[in-house]
1. Stretched out fully, how many nm does the piece from Ala153 to Ser57 gain, at 0.36 nm a residue minus the Cα gap?
2. Treat each spin label as a single point 7 Å out from the Cα along the C-beta direction, and report the Leu42 to Leu143 distance in nm.
3. Could you let me know the centre-to-centre spacing of the range 26-50 and the range 128-142, using Cα atoms, in angstrom?
4. Tell me the per residue accessible area of the range 14-90 using a 1.4 Å probe; a whole number in Å² is fine.
5. Per 0.36 nm of contour for each residue apart, how much would the distance between Ile25 and Val95 grow if the chain were fully extended, relative to their Cα-Cα spacing?
6. With equal scatterers on the alpha carbons only and no solvent term, can you work out the Debye log10 of I(q)/I(0) for the range 31-87 at 0.17, 0.25 1/Å?
Amino acid sequence: MTPDQRSEEGEDKYKLRLKSIRVVILRIDDLIHIMVAFFLLLAGLFVIVKSLFVLRSFESPAILYFINDMLFVIIILELLWTVLAYLKRKQFPIVSFIFIGIISSIRRILMIEAQTSFSFMKSGEGLINKEMIELGVYAIMILILALSYYLLAKVPHQE
């Protein structure tokens, strides 16, 4: 056996070892993603059950927190679908994160509006400047995310 043949044989063993290590790492990665998906599903179920207990009374604050919890469940489900899409080895779904950002911003706007209207009913004062600024920031975020989604939809997809 010549030194060149030994060198090629050693390199083949190295490549084979490297390939088997990659397979093990990918399987561990898949296992972690499956665990994350499972825990996201459980978290969504826990939020639904918790919100049903909060909804015992049909007063405005209870309904508001129920809607807030349901929007949070939608966010959890979007994250779950992102993890599942990754497990299928599709392209990374950046659009899911845009949807999550939009839903989160809308959820926060609804909560700020409701909290300030409840405090207005109690104290008789108008919106506080801090809440106005926060509402403006979330509105701008929604516009930016919607524009990002629009631009992503216009770009031709590469396979």
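The values are calculated or read from the model by the stated rules, or taken from the named source; none is laboratory data. Every value quoted in this text rests on a predicted model; they were computed, and no experiment measured them. We place every Cβ from the backbone using ideal geometry, glycine too, and count neighbours over all the protein chains shown. Just the protein is used for accessible areas: all its heavy atoms, side chains included, with ligands, DNA and RNA removed. Shrake-Rupley method; radii C 1.70, N 1.55, O 1.52, S 1.80 Å.
1. Taking 0.36 nm per residue and subtracting the Cα distance, the gain is 30.3 nm.
2. Inter-label distance under the simple model: 4.3 nm.
3. The range 26-50 and the range 128-142 have Cα centres spaced 32 Å from each other.
4. 74
5. Separation in residues times 0.36 nm, less the Cα-Cα distance, equals 22.5 nm.
6. -0.56, -0.88
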